[in-house]
């Protein structure tokens, strides 16, 4: 069976997304329903955003494998993966997804700790005497 595959990333999370045409809108993430995997409604809204923007909610079955990061990072990675896979399925959807911000990579990562500091930027308290 033919499918469209894409990878989405956000922070430390990586999602491998497969879109199967001719589906009924079923989304499975790590062998769980998307509403079970992401209990917060905000995350579910985020990952279904590209489908709503392009009016393709019930045209594909979606299978996702997501690793790393936290809940919000994972939902953002799934969102980007779905958007990229939709472009592979239909390149004319690109302007709509670009306008909605679904294709922009959120490159923010945790900053590393520096030597001599307590955290990435917090310095030890200064004492004069």
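Every number in this text was worked out from the coordinates using simple rules, so none of it is lab data. Source: prediction; values computed, not measured. Glycine also receives a Cβ, built like all others from the backbone with ideal geometry; neighbour counts cover every protein chain displayed.
Per-structure values
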read-out	value
Between 0 and 90°, nearest 10: helix 71-89 axis offset from the chain longest Cα axis	40
Between 0 and 90°, nearest 10: helix 41-53 axis offset from the chain longest Cα axis	50
Inter-site label distance for residue 24 and residue 123 at 7 Å from Cα along Cβ, in nm	6.3
